[in-house]
Amino acid sequence: MDLLKDLQWRYATKAYTDKKVSGEKLDFILEAINLTASSCGLQPYRVFAIENKEIRAKLGEGSFNKQITQASHLLVFAAYNNVTTEHIEKLIKLVAKNRGVAEADLKDLFTKLDGYFNSRSVESNRHWSDKQAYIALGTALIAAANVKVDATPMEGFDPAVFDELLGLKDKDLHTTVILSLGFRDETADFLAAAPKVRIPVHEMVTMI
Ligand SMILES: Cc1cc2nc3c(=O)[nH]c(=O)nc-3n(C[C@H](O)[C@H](O)[C@H](O)COP(=O)(O)O)c2cc1C
């Protein structure tokens, strides 16, 4: 029930104060992101947590989202450009290590996953990776609300600028979506006091 209160409390913040998010709360949100479910457990994205204001000012140049610079931190969700054999090998090694299983016993899993991702186009694998990153965005939004940190999910930015400034091409990543973190400026943000706008649950949900 408390979770529903957190979700009522949160909103896509438009104006932030100068207050910084503590390391403890930031770590909590990042840990929650890392615990996000992902298809095949591949976690096909990386997260950049940016506090540096000069870098954020450059990233936000030309964007209508002033939250990019104004907030305390910016999280950049950057998905894989493709899913490769190397990624599958890395996952298999991690499963073997964390579950105390021999890598040889995971050969079938490796063959299945490697065959699947190799049979698809680079574009499909990239799109699939983007979708996984969006799930992590959802977790981040919930985690932030849970520790009373305000947040704004954003697609209003120039991905080419982000990719260039963060050197993502060299890492075989691309910017998918971003999330600012900080604390709402209630006097400057008319949305801080605005009621939520949602369709009724019965319209959203069909019980069968
Ligand atoms: C993927 C995604 C992209 C969004 N992009 C922006 C954005 O660029 N700028 C912005 O101010 N809000 C952005 N929003 C916020 C939505 O407008 C907001 O979540 C929606 O209106 C519902 O309101 P609430 O989150 O305040 O409850 C985005 C939300 C999502 C989920």
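The values are calculated or read from the model by the stated rules, or taken from the named source; none is laboratory data. Everything quoted here is computed from the prediction, not taken from an experiment. Methodologically, a virtual Cβ is constructed for each residue, glycine included, from the backbone with ideal geometry; neighbour enumeration extends over all protein chains shown. With ligands, DNA and RNA removed, areas are computed over all heavy atoms of the protein, side chains included. Shrake-Rupley method; radii C 1.70, N 1.55, O 1.52, S 1.80 Å.
Of all residues in region 158-186, those being more than 24 Å from ASP18 (Cα to Cα), among the hydrophobic types (A, V, I, L, M, F, W, C) and part of a strand (DSSP E or B) number 1. Would region 127-142 turn up any residue that is away from the ligand (no atom under 12 Å from the Cβ), open to solvent by less than 50 Å² (accessible area, probe 1.4 Å) and over 30 Å from GLN8 (Cβ atoms)? Taking every residue of region 127-142 in turn, at least one turns out to be away from the ligand (no atom under 12 Å from the Cβ), open to solvent by less than 50 Å² (accessible area, probe 1.4 Å) and over 30 Å from GLN8 (Cβ atoms). Put simply, of ASP108, ASP114, ASP27 the only residue that is open to solvent by 20 Å² or more (accessible area, probe 1.4 Å), within 30 Å of GLY156 (Cα to Cα) and at pLDDT 95 or above is ASP27. Within region 183-208, how many residues turn out to be within 15 Å of the ligand (Cβ to nearest atom), in contact with an Asp or Glu (Cβ under 8 Å, 6 or more places away or on another chain) and over 15 Å from ASN65 (Cα atoms)? Of the residues in that region, 2 qualify.
Has region 49-64 got at least one residue that is within 17 Å of the chain's Cα centre (by Cα), within 16 Å of the ligand (Cβ to nearest atom) and among the β-branched types (Val, Ile, Thr)? There is no residue in region 49-64 that is within 17 Å of the chain's Cα centre (by Cα), within 16 Å of the ligand (Cβ to nearest atom) and among the β-branched types (Val, Ile, Thr). It is to be established whether one or more residues within region 174-182 are open to solvent by 30 Å² or more (accessible area, probe 1.4 Å) and either away from the ligand (no atom under 14 Å from the Cβ) or of a type outside the set (Gly, Ala, Ser) (or both). Within region 174-182, none of the residues are open to solvent by 30 Å² or more (accessible area, probe 1.4 Å) and either away from the ligand (no atom under 14 Å from the Cβ) or of a type outside the set (Gly, Ala, Ser) (or both).
The listed residues are TYR80, TYR45, and the only one of them that is of a type in the set (Phe, Trp, Tyr) and either within 16 Å of the ligand (Cβ to nearest atom) or open to solvent by 50 Å² or more (accessible area, probe 1.4 Å) (or both) turns out to be TYR45. Applying the set (1) surrounded by fewer than 19 Cβ atoms within 10 Å (Cβ to Cβ); (2) of a type in the set (S, T, N, Q); (3) touching a residue at least 60 places away in the same chain (Cβ under 8 Å); (4) farther than 17 Å from ASN34 by Cβ to THR206 leaves exactly one unmet item: (3). What number of residues within region 10-21 satisfy the criterion of being more than 19 Å from the chain's Cα centre (by Cα) and open to solvent by less than 70 Å² (accessible area, probe 1.4 Å)? Here the count works out to 3. Could you list, in sequence order, all residues of region 14-29 that are without any contact (Cβ under 8 Å) to a residue 24 or more places away in the chain and either of a type in the set (A, V, I, L, M) or not in a loop (DSSP other than H, G, I, E, B) (or both)? Hits for region 14-29 are GLY23, GLU24, ASP27. Any idea which of (1) more than 9 Å from the ligand (Cβ to nearest atom); (2) without any contact (Cβ under 8 Å) to a residue 12 or more places away in the chain; (3) among the basic types (Lys, Arg) is the one LYS148 doesn't satisfy? So LYS148 meets the others, but not (2).
If I filter region 46-65 down to residues being among the basic types (Lys, Arg) and in contact (Cβ under 8 Å) with a residue 24 or more places away in the chain, which single residue comes out as farthest from ARG126 (Cα to Cα)? Step by step, filter region 46-65, then rank; the result is LYS58.
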